[in-house]
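Notes to accompany the following structure.
Just so it is clear, none of the values below were taken in a lab; they were calculated from the coordinates. On a predicted model such as this, the values are computed, not experimentally measured, just so you know. No Cβ is skipped: glycine too gets one built from the backbone with ideal geometry, and neighbour counts run over all protein chains shown.
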Amino acid sequence: MLRSAAILGVFAAGFSIAQTASASCHIRNETKYSFNVDSGNSSGQNVGAHTSGSIAHGKIVAKSRDGKSFGGFCKEGDKVKVVEESGAVMLIPE
C-alpha cells in the first residue's frame, strides 16, 4: 500500500512538472476581466484580472464570463499582454 502511494506521488509530481514545462509563454493581463484560456495543447488555463503568469505556447483563444474574448498566437519564450482599448480586448507583444 505504501509503495503504491509513493508511486502515485512520483507520477503526480512528474505530471505537474510536465505541465509547467509546457507553459512557456509569459502573459500579462492588464484588464479588469479574468479569462479562461486555451493555448497550444492546453485548455482551461486561467489568467486573472491584473495578473501575469505562463501559458502553453501556440494558438490562443480566451473568453471571459463577461463576454469579452481575444485570440492570437504566442511562440515559446514570447512575452505578451492583454489590453483593452475603446472596449476591445486584444493581445499584443510586450
Seminar exercise, completed: Restricting attention to region 33-68, the residues that are surrounded by fewer than 15 Cβ atoms within 10 Å (Cβ to Cβ) and free of Cβ contacts under 8 Å to residues at least 24 places away in the same chain number exactly 10
Exercise. What residue, among those in region 76-94 that are among the charged types (D, E, K, R) and more than 13 Å from the chain's Cα centre (by Cα), is surrounded by the fewest Cβ atoms within 10 Å (Cβ to Cβ)?
Worked result: GLU85
